[in-house]
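Visitor: Have a look at this one before I ask anything.
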Amino acid sequence: MQAQQTLIRSNRFRPWEPVLWLAALAIPVLLPHYALIVNEIAIVALFAVSLDLVLGYAGIVSLGHAAFFGLGAYTAALFCKHVSPDPHLGLLVAIAASALLGLAASFTVLRGSDLTRLMVTLGVALILLELANKLDWLTGGTDGIQGLVFSPVLGLFEFELTGRVASYYSLGVLLILFFVARRLVNSPFGATLQAIRDNRLRAMAVGIPVHARLVSIYTVAGGMAGAAGALFTQTSGFASLDVFEFHRSADLMLMLVVGGTGWLYGGVVGAIVFKLMQDALSSITPQYWTFWLGLFLVVLVLVGRDRLFKPWTWIRRGR
Amino acid sequence: MLTILFDGIAYGMLLFILAVGLAVTMGLMNFINLAHGAFAMVGGYITVLLMQRMDVPFLVCLPLAFAGAALLGAVLERTLYRPLYRKPHLDQVLFSIGLVFMSVAAFDYFVGSTQQIVQLPAWLKGRTELGEGAWTLGMGHYRIFIIAVCAALTVLLQYILSRTRFGSRLRASVDDQRVAAGMGINVNVVFLSTFAFGSGLAGLGGALGAEVLGLDPTFPLKFMIYFLIVVAVGGTSSITGPLLAALLLGIADVAGKYYIPKMGAFIVYSLMIVILLWRPQGLFVRQGGKA
Amino acid sequence: MSDAADSVPVLSARGLIKKFGGITATNNVTLDVRRGARHALIGPNGAGKTTLINLLTGVLTPTEGRVVLQGEDISGLAPHERVRRGLVRTFQINQLFVSMTPLETLALVISQQRGRGATFWKPLGGDAEVARRCEELLAQFHLSEVMNQRTEYLAYGKRRLLEIAIALACEPRVLLLDEPVAGVPAGEREELLQTVAALPADVSVLLIEHDMDLVFSFADRMTVLVNGGVLTEGSPEEIAANEEVKAVYLGHEVAHG
């Protein structure tokens, strides 16, 4: 039947998808000194994809996604320090904790305009930053929690200095969670999210329980961002206040703007571009690279994402 | 306790002057401008640098701070902001974040990242105390000055809005841009002058506030949330709304940090979230008006 | 005329009042829609017809009064819960999901309708029944050729058809149509009118329209709303002969809404 075939086809894997993932998995072996940056990219890509679920698919403008990342990071750190150095358990606990935060925080983004949502999400992130700062007996305050040592991945592979194990660990988690997200957005549930994003009024008028759906996706996204935070701590051995910083949320939005929202791979592409750009720029101007980042953002918005990446449209003026 | 109240009022009035430009431009252009704090920073640095490098007296620096920030605002509005009015909020947020990053890094590069010290003129230093015991009211002279200046500006703003033709054009444009344009009001000019004026006020606020709030390149980031609180809680359809919100915020912040220092800023953020959840359109929005 | 109680009304408004500050938009409206009715709601612009629809569907909360659906008081229910119980509406200005294709739109609405809206593990096209119903509806509303075009690129007439197809996909018991042919060019009205006329007999329809030709050919009962309140109610013949109604429309060109 034609209708069903068309719908199914949009869910099928494009040919370049396995290529991308295989290439990613091959790099730490073929180019070992890139292992560390692959690890960073994988972590930030996971973080970006989790925001895409909320921003690109549900239409919620959030400036405080770092809250979940940070909670995941600190949970993993505290779990390792006080309970067990097993990274897998720590990861699961961190996901659970940040999903819970997502659940609680979701009620704050259900109503209000874009501005109030921006504020409220920012506020939640700032509250967590303050808490992490002030509860220094738990979190180490401005020093953070350092010197964490985790047991081997799958009981076999120890984290080592080259970062190869770390990068595979992060890539593995990214892969699994990415495909969970992919399943999610191609399902009826995902379609109802897009309906909510496109026209909330109509979504209600066709029987979609808008609030319930938003709560669910915010919870899921929170958990995923928490996973990214946990990976960060587990592959670097420390957690500090920096994980709650505003610039993390801001960088994330930049990645999604570059990569595009609403197609999941936007987060991945954006993460790759962002990290490589950051790497290149900060080796040139280590202290002031945020200036060039800001400039890039300004130009990107003014010129428009589509036109920026199609240089031939620069010549012709006019809309 | 009265001193806390007094300090809170001074802080609140300062926040109001800093944020009122943002409230008006948000209500007018429906543009979320997170870079508003950068204009305040510009005003602050103009003041500090003129005082330090060229020995310009403090009082003279204040109008210069206003003028400098206003000029910058006018230029940026015409060139960068205007093409973005129709764009989705996300784009506007990103754009203004980009500007913030640029300004923070630029000031860091040219002026350095240390806190700037403002040498107040002698007649502004000092303190007067009234009352005794628990009811002592300690009033720093500089804070009295701030309250006076800000109160005067508030009266001036209210006068402009309600008594002048520009004010009525502005209010018409806020209410309904298309109708206003259809009535022959040059909306572009209204936008430009309002944005410039709002940025100028921010600059003035930055100059006034340098001594009280501190001044370093991270100023726009540190205080962004406060300006946004004033606008979100106070609403964008009047100036009394943001005024009340700013006073509330100022007092809550000062009191919170004094009485519960461990949880100082925490109180403010939680309060903000609670208020926004209770009244998503802001606390002081008039019925039937646009929030 | 007193209403013959030959069937329990399927939808009732009981004393609905809606005030916005000092303005009374809906003034003590009591209205019954019978099972299988083709009931038209008419009145001059600004009479409060759309406000009434918003009250019935839960988009607005009444200041006073109740809404009863099939004997159940639904006044406290959220809009999506009313849809679940079979009360569905269309919008005067198209409210569509612009980034999705008609096929995707209908698939998601039908999935939601069948209780599969929360299914997150299977793909949208995974249910053959849903897909079959999609094809049916697309054919019925002449949308099959454009089913894979993003809604934002569709012509206005097709958008209007989709607007109504979405409502039908919700399997309504009571359908509230808010000016279905508004803005539709004369050539495409027929298509739309036929589809509206072909609605199943057990679906009760409340229709807001300005086009009097459509109203008189379609309706078996009419309610006239003026300044937020019910002026009168009756069969089309009664309404056509009513002097008060004529006075209200005096000076208004009635032929084209």
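Visitor: Could you tell me whether any residue of the range B:185-200 is of a type outside the set (Val, Ile, Thr) and more than 23 Å from residue B:43 (Cβ to Cβ)? Write out each step before concluding.
Guide: So in the range B:185-200, the residues of a type outside the set (Val, Ile, Thr) come out as B:186, B:188, B:191-193, B:195-200.
Remaining after also requiring more than 23 Å from residue B:43 (Cβ to Cβ): B:186, B:188.
Looking for residues that are of a type outside the set (Val, Ile, Thr) and more than 23 Å from residue B:43 (Cβ to Cβ), one finds at least one in the range B:185-200, hence yes.
Visitor: Quick check on the range B:220-236. Is at least one of its residues surrounded by fewer than 24 Cβ atoms within 10 Å (Cβ to Cβ) and more than 14 Å from chain A (Cβ to nearest Cβ)?
Guide: no
Visitor: Look through the range C:16-55, keep the residues that are assigned to a strand (DSSP E or B) and charged (D, E, K, R), and return whichever of them is farthest from residue C:219 (Cα to Cα). Walk me through it before giving the result.
Guide: Of all residues in the range C:16-55, those assigned to a strand (DSSP E or B) come to C:16-20, C:23-33, C:38-42.
Still in the list and also charged (D, E, K, R): C:18-19, C:32, C:38.
Values: C:18: 27, C:19: 30, C:32: 14, C:38: 5 Å.
Filtering the range C:16-55 for residues that are assigned to a strand (DSSP E or B) and charged (D, E, K, R), the one farthest from residue C:219 (Cα to Cα) comes out as C:19.
Visitor: Something else now. Going through the range B:210-219 one residue at a time, which ones are more than 14 Å from chain A (Cβ to nearest Cβ) and either surrounded by fewer than 24 Cβ atoms within 10 Å (Cβ to Cβ) or within 16 Å of residue B:154 (Cα to Cα) (or both)?
Guide: So the first thing to find is which residues in the range B:210-219 are more than 14 Å from chain A (Cβ to nearest Cβ), and the list is B:210-216.
Scanning the range B:210-219 gives B:211, B:212, B:213, B:214, B:216.
Visitor: Turning to a different aspect of this structure: Of the conditions (1) under 17 Å from the mean Cα position of the chain (by Cα); (2) closer than 19 Å to residue A:43 by Cβ; (3) not hydrophobic (A, V, I, L, M, F, W, C), residue A:260 satisfies every one except a single condition; which number is it?
Guide: Answer for residue A:260: the failing condition is (2).
Visitor: In the range A:162-209, which residues are among the aromatic types (Phe, Trp, Tyr) and either touching a residue at least 12 places away in the same chain (Cβ under 8 Å) or within 7 Å of chain C (Cβ to nearest Cβ) (or both)? Quick ask: steps written out before the conclusion?
Guide: Step one: filter the range A:162-209 for residues among the aromatic types (Phe, Trp, Tyr), giving A:168-169, A:178-179, A:189.
Hits for the range A:162-209 are A:168, A:169, A:178, A:189.
Visitor: Would you point out which residue out of A:105, A:67, A:96, A:73 is within 30 Å of residue A:138 (Cβ to Cβ), surrounded by 21 or more Cβ atoms within 10 Å (Cβ to Cβ) and more than 14 Å from every other protein chain (Cβ to nearest Cβ)?
Guide: On the way: A:105 fails: more than 14 Å from every other protein chain (Cβ to nearest Cβ); A:67 fails: more than 14 Å from every other protein chain (Cβ to nearest Cβ); A:96 fails: surrounded by 21 or more Cβ atoms within 10 Å (Cβ to Cβ).
After applying the criteria, what remains is A:73.
Visitor: Could you please let me know if residue A:253 is away from chain C (no Cβ under 14 Å) and of a type outside the set (S, T, N, Q)? If you could, list the steps in order and put the result at the bottom.
Guide: Working: away from chain C (no Cβ under 14 Å): yes; of a type outside the set (S, T, N, Q): yes.
Considered against the rule, which asks whether it is away from chain C (no Cβ under 14 Å) and of a type outside the set (S, T, N, Q), residue A:253 comes out as yes.
Visitor: Related question: Report those helices (runs of 4 or more DSSP H) wholly inside the range B:1-76 carrying at least 2 residues which are of a type in the set (Ser, Thr, Tyr).
Guide: The helices (runs of 4 or more DSSP H) meeting that bar are B:2-29, B:36-54.
Visitor: Would you mind finding the one in A:61, A:29, A:54 that is within 18 Å of residue A:106 (Cβ to Cβ) and surrounded by fewer than 23 Cβ atoms within 10 Å (Cβ to Cβ)? Walk me through how you get there before you give the answer.
Guide: On the way: A:29 fails: within 18 Å of residue A:106 (Cβ to Cβ); A:54 fails: surrounded by fewer than 23 Cβ atoms within 10 Å (Cβ to Cβ).
Testing whether each residue is within 18 Å of residue A:106 (Cβ to Cβ) and surrounded by fewer than 23 Cβ atoms within 10 Å (Cβ to Cβ) leaves just A:61.
Visitor: In the set C:109, C:88, which member is at the interface with chain A (Cβ under 7 Å from one of its Cβ atoms), under 17 Å from the mean Cα position of the chain (by Cα) and closer than 30 Å to residue C:155 by Cβ? So that I can check it myself, show each step before the final result.
Guide: Details: C:88 fails: at the interface with chain A (Cβ under 7 Å from one of its Cβ atoms).
None of the others qualify; the one that does is C:109.
Visitor: Can you go through C:195, C:223 and tell me which one is assigned to a strand (DSSP E or B) and in the same structural domain as residue C:13 (by TED's automatic domain parsing)? Walk me through it before giving the result.
Guide: Numbers: C:195 fails: assigned to a strand (DSSP E or B).
Only one candidate qualifies: C:223.
Visitor: Test each condition in (1) buried (at least 23 other Cβ atoms within 10 Å of the Cβ); (2) out of contact with any Lys or Arg (no Cβ under 9 Å at 6 or more places or on another chain) for residue B:181 and report the one that comes out false.
Guide: Of the numbered conditions (1) buried (at least 23 other Cβ atoms within 10 Å of the Cβ); (2) out of contact with any Lys or Arg (no Cβ under 9 Å at 6 or more places or on another chain), the odd one out for residue B:181 is (1).
Visitor: If I filter the range A:265-281 down to residues being away from chain B (no Cβ under 14 Å) and surrounded by fewer than 23 Cβ atoms within 10 Å (Cβ to Cβ), which single residue comes out as farthest from residue A:122 (Cα to Cα)?
Guide: At the first step, the residues of the range A:265-281 found to be away from chain B (no Cβ under 14 Å) are A:265, A:267-269, A:271-273, A:275-276, A:279-280.
Filter once more, so that each one left must be surrounded by fewer than 23 Cβ atoms within 10 Å (Cβ to Cβ): A:265, A:269, A:272-273, A:275-276, A:279-280.
On the way: A:265: 25, A:269: 25, A:272: 25, A:273: 25, A:275: 23, A:276: 27, A:279: 27, A:280: 29 Å.
The extreme case among them is A:280.
Visitor: Could you check how many residues of the range A:173-201 are farther than 22 Å from residue A:108 by Cα, assigned to a helix (DSSP H, G or I) and either not hydrophobic (A, V, I, L, M, F, W, C) or not assigned by TED's automatic domain parsing to the domain that holds residue A:105 (or both)? So that I can check it myself, show each step before the final result.
Guide: First, pick out the residues of the range A:173-201 that are farther than 22 Å from residue A:108 by Cα: A:173-188, A:191.
Those still in the list that are assigned to a helix (DSSP H, G or I) too: A:173-185, A:188, A:191.
Next, from what is left, pick out any that are either not hydrophobic (A, V, I, L, M, F, W, C) or not assigned by TED's automatic domain parsing to the domain that holds residue A:105 (or both): A:182-183, A:188.
Final tally of qualifying residues: 3.
Visitor: Considering (1) aromatic (Phe, Trp, Tyr); (2) away from chain A (no Cβ under 14 Å); (3) buried (at least 24 other Cβ atoms within 10 Å of the Cβ), say which one residue B:58 fails and leave the rest.
Guide: Going through (1) aromatic (Phe, Trp, Tyr); (2) away from chain A (no Cβ under 14 Å); (3) buried (at least 24 other Cβ atoms within 10 Å of the Cβ) one by one, residue B:58 breaks only (3).
Visitor: Filter the range C:64-89 down to residues that are aliphatic (A, V, I, L, M) and in a strand (DSSP E or B) and give me whichever is surrounded by the fewest Cβ atoms within 10 Å (Cβ to Cβ).
Guide: Checking each candidate, the answer is C:68.
Visitor: Note down all Cβ pairs under 7 Å where the first residue falls in the range B:170-187 and is under 11 Å from residue B:29 (Cα atoms), the second is in a loop (DSSP other than H, G, I, E, B) and of a type in the set (A, V, I, L, M, F, W, C), and they're at least six residues apart or on different chains.
Guide: B:173/B:185
Visitor: Follow-up question, since we're still on this one. Checking the condition in contact with a helix residue (DSSP H, G or I) (Cβ under 7 Å, 6 or more places away or on another chain) and surrounded by fewer than 20 Cβ atoms within 10 Å (Cβ to Cβ), which residue from A:130, A:158 passes?
Guide: Details: A:130 fails: surrounded by fewer than 20 Cβ atoms within 10 Å (Cβ to Cβ).
None of the others qualify; the one that does is A:158.
Visitor: To continue, here is another question. Could you say which residue among A:46, A:7 is within 14 Å of chain C (Cβ to nearest Cβ) and crowded, with 21+ Cβ neighbours inside 10 Å? Break it down into steps so the answer makes sense when it comes.
Guide: Details: A:46 fails: within 14 Å of chain C (Cβ to nearest Cβ).
Only one candidate passes the filter, namely A:7.
Visitor: May I pose another question? Answer yes if at least one residue in the range C:149-171 is buried (at least 21 other Cβ atoms within 10 Å of the Cβ) and assigned to a loop (DSSP other than H, G, I, E, B), and no otherwise.
Guide: The answer is yes, given that some residue of the range C:149-171 is buried (at least 21 other Cβ atoms within 10 Å of the Cβ) and assigned to a loop (DSSP other than H, G, I, E, B).
Visitor: Any idea which of B:136, B:218, B:154, B:194 is among the polar types (S, T, N, Q) and over 30 Å from residue B:60 (Cα atoms)?
Guide: Values: B:218 fails: over 30 Å from residue B:60 (Cα atoms); B:154 fails: over 30 Å from residue B:60 (Cα atoms); B:194 fails: over 30 Å from residue B:60 (Cα atoms).
Selected residue: B:136, the only one of B:136, B:218, B:154, B:194 that is among the polar types (S, T, N, Q) and over 30 Å from residue B:60 (Cα atoms).
Visitor: Hey, could you check the range C:91-101 for residues that are more than 8 Å from chain A (Cβ to nearest Cβ) and out of contact with any Asp or Glu (no Cβ under 6 Å at 6 or more places or on another chain) and say which is surrounded by the most Cβ atoms within 10 Å (Cβ to Cβ)?
Guide: Residue satisfying both the conditions and the ranking: C:101.
The values are calculated or read from the model by the stated rules, or taken from the named source; none is laboratory data. A quick note: this is a predicted structure, and the numbers were derived from the prediction, not measured. We place every Cβ from the backbone using ideal geometry, glycine too, and count neighbours over all the protein chains shown.
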